[in-house]
Amino acid sequence: MTTSRSLLLVPALALALVAVAGCSGSDDEPKGSKASESSSASDGPTADVDESAACKLLTAADRKKLAGSAVDIVVSSDAREGGSSQCRWQTPDALIQVTTLPAKRWATSLPDVVAQLEKSSADGSAADRKDLARAKKLLAGADDFTDAEACKAFVTLAEIGGAKKGSTTTITPVPITESDLGLSAQTCTGGHLTSVIYSVPGLKQTPKVERTVTSVLASAQKRVLAAS
């Protein structure tokens, strides 16, 4: 069975968010590594991490709600370039990451993402090619989008990728390591795009899991908008 290029659009955009925000710290360290654990002082984050706005976006209760147990060790500080902020928590069995950035900054990466999908769409259906053409046209002026325009584009792209009309939140599986998958939930409102990614052993994308991650993401976005 050939995978629809349109259905690949949302996962590709989720990965674009991770890439454009960037990560610092322990990206190359495996889950639960001693290096990861030792990089976070037992009495709390380092002074640099304390300054991370993103580390305040998810409470201990939010993280426990996602993972089913406490995930309180900060192993990566924020990515602040261009107004973005990112924080990561990790244990031997769980990874949780939150990222937020101005929507217009995220949008600048999207034409390249769509172009890559378009190159691989030769064996796709006519509907796939039509959807990618629609996305390409939508993003023609992405470099000059305002934050509000970028969030509007997010909604349209989500619809092209199969989300319900008017959806401001998407949820998609993303690779964490060669063998581990996680879920990435993204939302774009008020000119801010925010993502929550998490991974635990045996994670499956069920309606209950989607409700949980959507609820946690909504709480994080509420804090983002309150601070803006």
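The values are calculated or read from the model by the stated rules, or taken from the named source; none is laboratory data. Note that the coordinates shown come from a computational prediction; the quantities given were computed from them, not determined experimentally. With ideal geometry, Cβ positions are generated from the backbone for all residues, glycine too; neighbour counts draw on all protein chains shown. Side chains included, ligands, DNA and RNA excluded: accessible areas come from the protein's heavy atoms. Shrake-Rupley method; radii C 1.70, N 1.55, O 1.52, S 1.80 Å.
Numbers below:
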read-out	value
Total charge dipole magnitude, region 49-226, about the Cα centre, Cβ charges on Lys, Arg, Asp, Glu only, Debye to nearest 20	640 debye
Spin-label zone in region 141-178 - amide nitrogen under 15 Å from a point set 7 Å from the Cα of Ala115 along the C-beta vector	141-144
Per-pair calculated FRET efficiency, R0 = 25 Å: Gln205 and Glu149 via Cβ, rounded to 0.05	0.25
Where only alpha carbons of region 49-226 are counted, the Rg and the Dmax (Å)	16.7, 50
Sequence-distant residues sharing a close amide H with Val71 (under 5 Å, placed H)	Lys64
Exceeding the 29 Å Cα-Cα cut-off - candidates Lys137/Lys208; Lys164/Lys204; Lys104/Lys164	Lys137/Lys208
Carbon and sulfur %, accessible surface of region 49-226 computed with the full protein complex present, 1.4 Å	53 percent
Whole-number accessible area per residue in Å² for region 49-226, which is evaluated in the context of all protein chains at 1.4 Å	47 Å²
Peptide ranges 105-111, 206-212 listed from the most packed, as the mean C-beta count within 10 angstrom indicates	105-111, 206-212
